[in-house]
Structure formats: C-alpha cells, structure tokens
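One structure is given below, encoded as structure tokens.
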2 protein chains.
Amino acid sequence: MNRSNTGANLPALRNHNAALVLDLLRAAGEEGISRLELAERTGLTPQAVSKITGRLRDEGTATEAGRRASTGGKPRTVLKLVPSAAHAIGLHLDRDELSAVLVDLAGTLVGARTVPLDLGAEPARVVEAAAAEAEALTGGRRVLGVGVAMPGPLDHDSGVLHRVTGFPHWSGFPLRDALAERLGQKVFLDKDTNAAALGLALRADTRAESFAYLHLGSGLGAGLVLGGALHRGARTGAGEFGHQTILLGGPACGCGGRGCIEALCLASVARGDIAAAARFLGVGAANLVGLLDIDAVLLGGRKVAADEETFVRGVNAVVEERALRGGAPAIPVRAAAGGPHSVAEGAAQLVLVPVFGRANVAYP
Amino acid sequence: MNRSNTGANLPALRNHNAALVLDLLRAAGEEGISRLELAERTGLTPQAVSKITGRLRDEGTATEAGRRASTGGKPRTVLKLVPSAAHAIGLHLDRDELSAVLVDLAGTLVGARTVPLDLGAEPARVVEAAAAEAEALTGGRRVLGVGVAMPGPLDHDSGVLHRVTGFPHWSGFPLRDALAERLGQKVFLDKDTNAAALGLALRADTRAESFAYLHLGSGLGAGLVLGGALHRGARTGAGEFGHQTILLGGPACGCGGRGCIEALCLASVARGDIAAAARFLGVGAANLVGLLDIDAVLLGGRKVAADEETFVRGVNAVVEERALRGGAPAIPVRAAAGGPHSVAEGAAQLVLVPVFGRANVAYP
DNA sequence: TCCACTTAAGCAACGCTGTTGCCAAAGTGC
DNA sequence: GCACTTTGGCAACAGCGTTGCTTAAGTGGA
C-alpha cells in the first residue's frame, strides 16, 4: 500500500493539493490546461483550483498562456507551468565517468557536463569532483537539490553506500550527507537503474503507470515502477534481476550461482547470438510481467542499443506467447527512449518527485 | 509510488488522521496506547490527538482503559479500540465450499459458517447462497461491508470476474455489484491469494512491511504485500507465481509452458520427494526476494501444511544461500499462521482496510 | 444592433481542521 | 505539606476548501 504513516495538518493538505495541480500542469506541457479541467481531474472545486493556481502564479511557478475556443460562453484560460522557475541537478557517477545535468521544473535538459572519473579514488576526492560539477552547472539559478545515481548496492533512505562492486573502500560511506554538507543543498541518492526507470516514468512518451526497465550493459539489472512510483524494496535492493535463475543447473555465473539470466544473456551476446540473448532476457521479462502485472517492459543499456530491434522482437515474442497462454492481454515491449545523459536526468528527477507529489507517501 | 491522485479537503484530512489513530489503536491491541504516544507516532500535536480520540470515544469506537504508571507526574491514560463497535463479513468462495466469517474491528473471528458450494452452478444461485450466509452471520450487528475472495482471474477494481479456471460461464459476471445490490452492503472482491496475504499482513505475529505469501495447494500462487499494501498490479493479475520459468526446456506444464515452478513442485510432491519440491519452491522464492527486496517469505496451502518443516527448511536453504552470495542479509522464511478460515478472514479485511487508512491511496 | 443565454472565474462569508497559549487535574518526592 | 512534573482539556486562532453570489467574456438568435 502506498500510504502515509504520519498525520496531516493544513499546510500538509495545502502542499498535497498544490503538488497535484503542479503535476497536472507538468503533464500538460506546452499545451497547457484550464482551471476547470484541473478541477475535474483533481476532484477539487473550481474555486479551490482558482486559489491554488493563484498562489502558484504569485510564486512564479505557473502562468496564464492564452485561451481555448469558446464553447458558447466565456472561453477557458489556459495555464502552463513556468519551467524556469526552479531547477534540479542530476549526477551520474559511473565507474569511469561523471555525467552532470541541469534540468528545469519540466524535466527538460538545460545544461550538461561530462568529465572522466575514477570511482576507485578516495571518497573525499569523488565528492569534491561531484560538487564542482554541480556548482559549475548551477550558475546562479534557483536549484532545489541534487540527485545522485550510481551503481549499487546502496541505501536510498540513509544515503549510505554499501559494497560498491569492485570498490570496497566505499562501503559505509555516507555520500548523501557528505555531498549535502559540501554543497549546502538537499541531496538524494539512488541506484543507477532506479534513476533510469524514474526518468522513463516521467517522460511524456512513456505512458505506463507500471513498468520494468531492464538494463543490459556490463551486467543486467532492473528498475521497477509500480503504480507510478519507484519500487525500491525494504533496503533499496529491489531490481536484482540479473541473477534470477531461469535454468536450474545451467552454466555457472560470476555470482556463484548457475543458470542466471545475466550469465546466459551475456554468453549469448559474446557468441554473437543476439536472438538467443533476447530469448533468455524474454524469459526473465515474462516471469516478471506475470508476477507483477505491469503495463510495459522497456529495454536499455549498451548491449541492447547495439541491436535494439533484435532484442525488442525477441523479448516481445516470449512475453507475448506467455501472456496469450495465460489468457492475459499482451503488453508492449519497447526500447527505452533517452539520450546519453538519461541516467543523470533521472537522478535529477529524484529531486523533483516530491515537488509534484509523486513521493511514496502522499503527505510529506 | 503509493500516492493519491485526487485532491483533499477538510473531511478527507479528518478521515486520514482518524484512520491513522485507529490503526495505531488496533496495533496496540489489548495493551492499549496513550494519547501522547499516539501524538508521537502520528506527528500530530497532543491537542489534535485529544480531539480525534474524543470523537472516536463519542462514536463508541475507542474507550479509556486504565492508566500507566506515573513517571513523576500525572499518569498517562490508556486508550483502546472497542472491537465490537463494528464488524465485517468475509466470504471465501472455493470450488466446492463456501466459508463465511464475521470479524470485529480488531479482525478477531466472531462467527463462522461453512457450507458446500458448487461454483459451477448458475451465478445467480451462487450469489444467493453467498448472500444467505452473510445474512445468517450478521444478526443485527453493525456491518461495514462484505469482502469476497475467490480463485482468479478477476478484476478487483471493477469487481468483475474473468474466466475462472474451469468455470467459463462466470466470465464477465459483475459479482461485486450483484452481491452489493442483493445485500444492500458495500462489497469488495479480490483473489483468494490476495485475501490470504492481506490477512497475514494484519496479523500481529507477522511483523513485516513487505512479504510474499506463497500458496501451494492444487496449484501454486502468490500474494504480494509491498510497503504494507497489497500489490495487485494493473489488472489484479499480480502474483502469477506458479508459471514462472525456472528450468528452460524442463518438463511440460499444464499451462502449455515448460519448466514452470508449479509443474516441478507438484511432480516432486506426487513422487513423495518433498525436499525436492521445497528446493524448487525455494528457487522461485529466491528469485522473488531478489527482485522485490522483501522482508519475509510465508508459505501456506494444503501441500505445505502436510509437511511444513521440510518446506520451510528447504525454501529457507535456497533463499539464504542466494542472499549470502549477493552479500544481502538473509530474510526469514516461515509457515503462514492461520486457521481453517484464514482466506475468509483476509476477505473481511478488505472491508476494514479503508477504515484504518491502509488503502492504496492515502486519501479516499 | 441588441439582448438573452452560457460559461468562466473571482470575492466574501463560512464551517471546520489542526495549532497555540493557557490552566486545571493528578500524580511524585523531598 | 509543598514544589515540581506530566497529562490533557478549554478557548482563541490561522488557514484550508466550500458555498453562494457577482462580474467578466464570450455565442447566437431576433
């Protein structure tokens, strides 16, 4: 259940409704949305919407932008988000590269920087490098916070890293708090696959409330969006997809197990048999779709990008066959959209999520 | 993200806070809880808690029950839920049996009836039989609604059945609305595995925010509780666990696939090799634990009950080994508690969930 | 051109929420 | 017996969305 455990008072109620309206304004994009439509969609009275949008306009977060055609009376006024009213920074710390982006309230990329990074260096030096990139992008703008995405495992709630694969000295380092203190900004930390999935969840072209993002690069991982929200699990460990067993007693995997999807996929890719890799991935995807009843499967990662069509076709074939067998409707399998900074952009969305009321709790 | 899509006003805020307090009162059980502790746990001010509990006492839902020892000042007054203030009915429609229970606000079993049922009969007759059982249990008490659990597939949101396996004439029947009209009560419909999981989620001895309930009977299914709420998926299809592939190219399953957990498990059970069945179940459980990062795995169903210890031990061994391999803490694997009416009791909880604010949306 | 009608949106008064400031009640312990 | 601590209710209050009404801004027929 996606629920709040804390009591609510008038300011909380006000934030809740304002976030709801802002989320609709964001979804409306350039087209805008009228006050009455906001009222219908939120269930609030038109008068309440007028008050809320009035406050947003006073803040500078929303603005009037034209009118619709009349339907026999006074035409509706169109309201739009003012994306430049605030910004967020997203950082993607990868093994050998640091990607930093600045996005506006609408999530649009405003600036980006990429520099080499040695994740094996001392934590303090990495923090300093990350902070420098963030500051270089800020440029006097109103920045709400900084989102950081990196390879797991880590703990989203406490902002502490665990044993980052290959870099044992990161274990237990409180990256979120260290960066927050250095920058004087709110900082949010999450796994790279989660950030990527969040970024996809908020793209206008991904209209799915629930989906799985499967990332096949040097490893295989997943980001899960369930009911519009990231599912992180109890210890930010959710999305461990690569080491699902699909072939008992199968070939050995680096993890110590046998018949893991990752091992089967990567071996097939290494052999050049992309169709076989896609089928293995499809079996895991079909398991996942059946278990969670999601709306879509999105594929990404370097290995997928190298032969998108074969992967999409192969995964789709397995998922579709399994759905038909179970009498369920088939769900779409697509390649994930997104450019070279998609993970960093998703990280920036970690900052924007609470602004638009899409946090795991309805009341902050 | 577990979030509300609708606007909130003062009555909604009041309901939200009252439900929060009621939930804490329920969790406190016979021991009770003081006003100040309620204030700490909810984040509300003591005065707000006094007002809310005052209203609950006026309604008859809560009552004062003794005091704690003094800590140097006026001793705290203990408040308790009055379980008999309202009741809920739960119905479990199984293939050959109808189990009906009456539970109080605390979820305690107050009455139960079991009669034979032919799920293959005409829907109208089944509705009538269900309604008669519900009425026989009511007995002039204040009943908040009726929860119905039955084998899927079905749609929880619309309350309509799909092609119930083996009973094609149920397809498309609006069971929820038919029963609601016949009884003049609110009715909630869900899958049997979901009801069982919900019942477990609300038992005092299951202290897990997120867990999977794996049910091995004539088939194999799962109920998922994530972050304290049932995860039903987009079409109430979540929990399709039996037909997860764990052995590519394995033995054929009745579903048309190969190497499904269900087929492997049931074949082992039929051979009398319970340890092997447990290992197969364990592989599926380990996949699930890794994917969702849950806190516990609970096992139930007739086949499990026949040799609980072997199943728990076998599943635990696989789950534990996988967790250690991934560097994650091991999570408990246990047999699900619950008596002969546990599914019907969980169905009754479908009615109580909104009362205690544990619905999927924070604001109803 | 005018006027009746429709639709949009703000103003003002209102009921009700949790909060704040204060005080009475009910204990402990020197 | 008195000072102190802690609980918990009373009363006044700020602020939320709602309600009732008015004004603004269009359409379309006479």
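The values are calculated or read from the model by the stated rules, or taken from the named source; none is laboratory data. What you see is a predicted model; the values in this text were computed from it and never measured. All Cβ positions, glycine included, derive from the backbone under ideal geometry; neighbour counts span all protein chains shown. Ligands, DNA and RNA are stripped out before the accessible areas are found, and what is left, the full protein with its side chains, is counted by its heavy atoms. Shrake-Rupley method; radii C 1.70, N 1.55, O 1.52, S 1.80 Å.
Quick notes
For every residue, the table says whether it meets (1) more than 14 Å from B:Gly282 (Cβ to Cβ); (2) open to solvent by 60 Å² or more (accessible area, probe 1.4 Å); (3) at pLDDT 95 or above; (4) touching an Asp or Glu at 6+ places or on another chain (Cβ under 7 Å).
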position	(1), (2), (3), (4)
B:Gly314	no, no, yes, no
B:Val319	no, no, yes, no
B:Arg325	no, yes, no, no
B:Ala337	yes, no, no, yes
B:Ala344	yes, no, yes, no
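- Taking segment A:225-275 as the range and being more than 10 Å from chain B (Cβ to nearest Cβ) and either touching a residue at least 24 places away in the same chain (Cβ under 8 Å) or basic (Lys, Arg) (or both) as the test, the residues that pass are A:Arg258, A:Glu262, A:Cys265, A:Leu266, A:Val269, A:Arg271, A:Ile274, A:Ala275.
- Criterion violated by A:Gly219 - all others in (1) closer than 17 Å to A:Ala296 by Cα; (2) in contact (Cβ under 8 Å) with a residue 24 or more places away in the chain satisfied: (1)
- Of the residues making up segment A:143-195, those that are β-branched (Val, Ile, Thr) and closer than 20 Å to A:Gly233 by Cβ are A:Val148, A:Val160, A:Val164, A:Thr165, A:Thr193.
- A:Leu25 without any contact (Cβ under 8 Å) to a residue 60 or more places away in the chain, outside any helix (DSSP H, G or I) and not assigned by TED's automatic domain parsing to the domain that holds A:Leu352: no
- Taking the criterion of being over 25 Å from the mean Cα position of the chain (by Cα) and at negative phi, the residues of segment B:315-331 that qualify are B:Ala317, B:Val318, B:Glu320, B:Glu321, B:Arg322, B:Ala323, B:Leu324, B:Arg325, B:Gly326, B:Ala328, B:Pro329.
- Enumeration of residues in segment A:8-22 that are within 8 Å of DNA strand C (Cβ to nearest atom) and in contact (Cβ under 8 Å) with a residue 24 or more places away in the chain: A:Ala8
- Considering segment A:304-326, and only residues there that are aliphatic (A, V, I, L, M) and in contact with a strand residue (DSSP E or B) (Cβ under 7 Å, 6 or more places away or on another chain), the residue that is nearest to the other protein chains (Cβ to nearest Cβ) turns out to be A:Val319.
- Residue that is farthest from DNA strand D (Cβ to nearest atom), among those in segment B:1-48 that are away from chain A (no Cβ under 11 Å) and on the phi > 0 side of the Ramachandran plot: B:Gly29
- Applying the condition of being closer than 21 Å to A:Ala106 by Cβ and either among the β-branched types (Val, Ile, Thr) or open to solvent by 80 Å² or more (accessible area, probe 1.4 Å) (or both) to segment A:29-54 and asking which residue is farthest from DNA strand C (Cβ to nearest atom) yields A:Glu30.
- Filtered by the rule that a residue be more than 14 Å from DNA strand D (Cβ to nearest atom) and open to solvent by less than 40 Å² (accessible area, probe 1.4 Å), segment A:66-82 gives A:Leu79, A:Leu81, A:Val82.
- Scope segment B:157-169; condition hydrophobic (A, V, I, L, M, F, W, C), surrounded by fewer than 22 Cβ atoms within 10 Å (Cβ to Cβ) and within 14 Å of chain A (Cβ to nearest Cβ); matching residues: B:Val164, B:Phe167
- When B:Arg14, B:Arg26 are checked against the criterion of being surrounded by fewer than 18 Cβ atoms within 10 Å (Cβ to Cβ) and modelled with pLDDT of 90 or more, a single residue qualifies: B:Arg14.
- Residue match in segment B:84-91 (condition: of a type in the set (Ser, Thr, Tyr) and over 30 Å from A:Pro11 (Cα atoms)): yes
Conditions (1) small (Gly, Ala, Ser); (2) part of a helix (DSSP H, G or I), marked per residue:
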site	(1), (2)
B:Ala88	yes, no
B:Leu91	no, no
B:Arg95	no, no
B:Leu98	no, no
B:Val103	no, no
B:Arg113	no, no
B:Val127	no, yes
B:Ala131	yes, yes
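- Counting only residues that are of a type in the set (Val, Ile, Thr), in contact (Cβ under 8 Å) with a residue 12 or more places away in the chain and within 16 Å of DNA strand C (Cβ to nearest atom), segment B:70-106 holds 2 of them.
- Filter pass, B:Phe173 being of a type in the set (A, V, I, L, M, F, W, C), buried (at least 19 other Cβ atoms within 10 Å of the Cβ) and more than 14 Å from chain A (Cβ to nearest Cβ): yes
- All of A:Pro329, A:Pro354 fail the test of being touching a helix residue (DSSP H, G or I) at 6+ places or on another chain (Cβ under 7 Å) and within 14 Å of chain B (Cβ to nearest Cβ), apart from A:Pro329.
- Segment B:1-11: number of residues that are surrounded by 19 or more Cβ atoms within 10 Å (Cβ to Cβ), more than 22 Å from B:Leu202 (Cα to Cα) and of a type in the set (A, V, I, L, M): 1
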